[in-house]
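Enquirer: Before I ask anything, let me first share the structure, which is written out below as C-alpha cells.
Derivation of every value follows stated rules applied to the coordinates shown; laboratory data play no part. This one's a predicted model, so the numbers in the text were calculated from it and none came from an experiment. Please note: Cβ atoms are built from the backbone with ideal geometry, for glycine as well, and neighbour counts cover all protein chains shown.
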Amino acid sequence: MLKKNNKTDVIVVGAGPAGISCAITLAREGKEVVLIERGMFAGSKNVFGGAIYTQPTKEIFPNFESEAPIERRNIEHKFMILGEKDSTTISYRKNDNVSYSVIRAKFDRWAAEEAKKAGVILVEQTVVRSIIKNGTTVVGVKTELEEYYADIVILADGVNSLLAKQLKLRKNIEPKDVALSVKEVIKLDKNIINQRFNVKDNEGAIGEIFGGPMLGILGLGFMYTNSDSITIGLGVSLNDLIENNYRPYEILEKLKEHPTIAPLIEGGTLQEYSAHLIPEGGYKKVPKLCDNGVMIVGDAGMLVNNLHWEGTNLAMISGKLAGETAIDALNKGDYSRKMLSNYENALSDSFIMKDLRTYKDLMDVAHQRQKAFLSYYLKKVNSFFEMFTSVNSVPKKENYHNFIKSILKDRKISELFKDIWAVIRLLWSILV
Ligand SMILES: Cc1cc2nc3c(=O)[nH]c(=O)nc-3n(C[C@H](O)[C@H](O)[C@H](O)COP(=O)(O)OP(=O)(O)OC[C@H]3O[C@@H](n4cnc5c(N)ncnc54)[C@H](O)[C@@H]3O)c2cc1C
C-alpha cells in the first residue's frame, strides 16, 4: 500500500538490471518506489548472452558473488576468427573473477527480490501503457487497470522504449542502429563442458566469434558456458538482414555447423531459443535522457557498448546514477528538467558516456568498410596462419612474398589506402 493513496515518490518502469538498480538505490535511501514489470516475474522476458561484470554489479549488489544464482566464473575469453572451414583463435586466460555467466530469468528474479527486501514495491505482470503528463511535466503512468502518480518517473523499459517514444524523447529506431540477436541454450553434461572448454566445475569461458557464416555481414557471434548448458548466438545489424534478406536463425544454424564450433556443442539438446534487439547506434544515437519529471536509463537510452558486449553494467550504473539524481531532486522538491539534467552530467563524467564517445565513429567505419574488414581481412588472417603452418618444401620467403602479392592483387591500391585511412581514423578517434 502506498503512503499517499495512489501517489509515490518514484515509479520505475521495467525490472531489468537498469530498473532494479535504480529502484534499489532509491529504496536504500528510504524513498518510496514502485517498480512495474510486464513479465510474469523480473527476468522472465529478458534475453542476453551472457556475462555480468563483477565490479559494477558489486556497486549495486555487494554480496552477489556469494548469494546470487551464478552459472560459472569466466576465466577464459576466446576471440575466434572463422573462415569458411578454418579458424584462428586468440585466447586470454586468467583465473580471476572479472565476470560471471548468469541466466537472466534466475539472476533478475533474485535481484528483484533483493530490491523488495530493500523496500521496493514490485508490481509484476503489469504493462505500462502510457505516460500521464500535467502540462509539460511527467506525473505518472497508466497501466491496463490503474493510474499511478509519482514525483519522478524513470523509464527502464528496454531497447524498444515505447514510452520514451510517446514522450518524443526518442525517435523510431533505424534498422542500422540495432542488431537483431538470436540465441540458443544447448543443454550439455557439466563434465563434458568442463572437458571441451578446459575448465573446472564453476569455471567458464566466453567466445566472441567473427566471420564464418557472418563473413561480410555486420555481425558478431557469442558463446558462453553455463553450469550445464552452452549459450550460442549472434547479433546481426538489422539493416544487413533486411537488405540481404538473411534469416538470422539460418545464419545461426550455419554457425553451429562450422567445424570449429560443432564439436563444442555436439550431443547437446536445445533447451531454449530466443531473439532480442540490441542497441547499436552508440554515442551519436543516445537520445535526450531527461525532461520535467522523467529520466531514461539502460537500453531505453541506447546505453550499450556493443564492441565489448557490455550492456548490463551500463544499465546498472545508469540506473544507480538516475536513482542518486532522483534522491537529490526529492530532497529538494525540484523535479524540473534542469534539476534532473544532473543525471546527464553524471553520465557524462562516468565511464558510460566516455566509452560511448571513444567508439563514436566505430559503427560508421564498420558500415563503410564492412566488406574489407568483415570479410576480406578476416579471411586473410586465416590464410596467413594456413601459410605459416603449412610444410610444403616451398621456401618461407617465397610464401611470404606470395602472401603479400595476393593482397596487392586482390585489393586495388586505392582500396588499400581507404582501408589504411579507415584504421587511422578509427584509432585517432579512439585514442585522441
Ligand atoms: C543476445 C544478447 C546478448 C547480450 N549479452 C550481454 C552480455 O553478455 N553482457 C552484458 O552486459 N550485456 C549483454 N547484452 C545487453 C544487455 O542484455 C542489456 O544491455 C541489458 O539487459 C539492458 O538492461 P535494461 O534494464 O536497460 O533493459 P532490459 O533488460 O531489456 O529490461 C527491460 C525490462 O522492462 C520491461 N518492460 C518493457 N516495457 C515495459 C512496459 N511497458 N511496462 C512494464 N515493463 C516493461 C521488460 O519486460 C524488461 O524486464 C546482451 C543483449 C542481448 C540481446
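Enquirer: Return the distance in nm (one decimal) between the two label points of a simple spin-label model at Tyr249 and Thr136, each offset 7 Å from Cα along Cα→Cβ.
Expert: Modelled inter-label distance: 4.8 nm.
Enquirer: From the helices alone, meaning DSSP H stretches of at least four residues, give me the mean residue ellipticity at 222 nm for the chain, per-run term -39500 (n - 2.57), in deg cm²/dmol to the nearest 500.
Expert: For the chain, the value works out to -11500 deg cm²/dmol.
Enquirer: For Asn226, what residues show an amide H to amide H distance below 5 Å, using hydrogens built from the backbone and excluding near sequence neighbours?
Expert: The list, which skips near neighbours in sequence, is Thr231.
Enquirer: Please state the relative contact order of the chain as a whole percent: Cα pairs under 8 Å, 6+ residues apart? Kindly include the intermediate steps, with their values, before the conclusion.
Expert: Details: 876 pairs, mean separation 85.5, N = 432.
The value is 20 percent.
Enquirer: If the chain between Asp349 and Glu147 were fully stretched, how many nm would it gain, using 0.36 nm times the residue separation less the Cα-Cα distance?
Expert: Additional length available on full extension: 69.2 nm.
Enquirer: Determine ³J(HN,Hα), in whole Hz, for all residues of region 84-97 in sequence, where each value follows from phi through the Karplus function 6.51 cos²θ - 1.76 cosθ + 1.60 and θ = phi - 60°; x replaces Gly and Pro.
Expert: 5, 10, 10, 6, 10, 10, 10, 10, 10, 10, 7, 7, 10, 10
Enquirer: I would also like to ask the following. If the reach is capped at under 29 angstrom between alpha carbons, list the lysines near Lys409, excluding any in the same chain fewer than eight residues apart.
Expert: In chain and number order, the partners are Lys85, Lys371, Lys379, Lys380, Lys396, Lys397, Lys418.
Enquirer: Which of rounded, prolate or oblate describes region 146-284 when judged by the alpha-carbon gyration tensor and an a/c cut-off of 1.5?
Expert: It is oblate, given that a/c is not under 1.5 and a/b is not larger than b/c.
Enquirer: Whole-Hz Karplus ³J(HN,Hα) for region 394-400, in order, using 6.51 cos²θ - 1.76 cosθ + 1.60 and θ = phi - 60°, x for Gly and Pro?
Expert: Along region 394-400, the couplings run 8, x, 4, 4, 5, 4, 4 Hz.
Enquirer: Rounded to a whole number of µm²/s, how large is the Stokes-Einstein D of the chain at 25 °C and 0.890 mPa s, given Rh as the Kirkwood radius over C-alpha pairs?
Expert: Estimated via Stokes-Einstein, D reaches 106 µm²/s.
Enquirer: With only Lys, Arg, Asp and Glu charged, each at its Cβ (+1 for the first two, -1 for the last two), find how big the charge dipole of the chain is about the Cα centre; round to the nearest 20 debye.
Expert: The calculation lands at about 960 debye.
Enquirer: Tabulate in residue order the Karplus-calculated ³J(HN,Hα) for region 15-24, using 6.51 cos²θ - 1.76 cosθ + 1.60 with θ = phi - 60°, rounded to whole Hz; enter x for Gly and Pro.
Expert: Karplus values, whole Hz, x for Gly and Pro: 9, x, x, 5, x, 5, 5, 5, 4, 5.
Enquirer: Give me the number: length gained by fully extending Lys7 to Arg425, i.e. 0.36 nm times residue separation minus the C-alpha to C-alpha distance, one decimal in nm.
Expert: On the way: separation 418, 0.36 × 418 = 150.48 nm, distance 5.17 nm.
That works out to 145.3 nm of additional length.
Enquirer: At 0.36 nm per residue, minus the direct Cα-Cα distance, what do Lys409 and Met387 gain on full extension? Give it in nm, one decimal, please.
Expert: That pair, Lys409 and Met387, stretches by 6.2 nm at full extension.
Enquirer: Of all DSSP beta bridges in the chain, what percent run antiparallel (nearest 5)? It would help to have the intermediate numbers written out before the result.
Expert: Numbers: 55 of 80 bridges.
In the chain, DSSP labels about 70 percent of beta bridges as antiparallel.
Enquirer: Shifting gears a bit: List the trypsin sites (Lys or Arg not before Pro) within region 65-125 that fall in a DSSP loop (any state other than H, G, I, E or B) and whose Cβ has at most 11 other Cβ atoms within 10 Å.
Expert: Lys85, Lys94
Enquirer: Follow-up. Averaging sequence separations of C-alpha pairs under 8 Å and six or more residues apart, then dividing by the length of region 61-147, give the relative contact order as a whole percent. Mind showing how you got there, number by number?
Expert: Details: 88 pairs, mean separation 18.3, N = 87.
That works out to 21 percent.
Enquirer: For the Cα atoms of the chain, what angle does the longest principal axis make with the long axis of helix 312-332, in degrees from 0 to 90, nearest 10?
Expert: Roughly 20 degrees, rounded to the nearest 10.
Enquirer: Just to be sure I follow the rule: in region 176-279, considering lysines 8 or more places apart or on different chains, how many pairs have Cα atoms under 28 Å apart?
Expert: Step by step, the pairs that qualify in region 176-279 add up to 12.
Enquirer: Identify the trypsin sites (Lys or Arg not before Pro) of region 1-53 meeting these criteria: DSSP loop state and at most 12 other C-beta atoms within 10 Å of the C-beta. Walk me through the numbers before you get to the answer.
Expert: Details: sites: Lys3, Lys4, Lys7, Arg28, Lys31, Arg38, Lys45; in loops: Lys3, Lys31, Arg38, Lys45.
Here the sparse-neighbourhood loop sites are Lys3.
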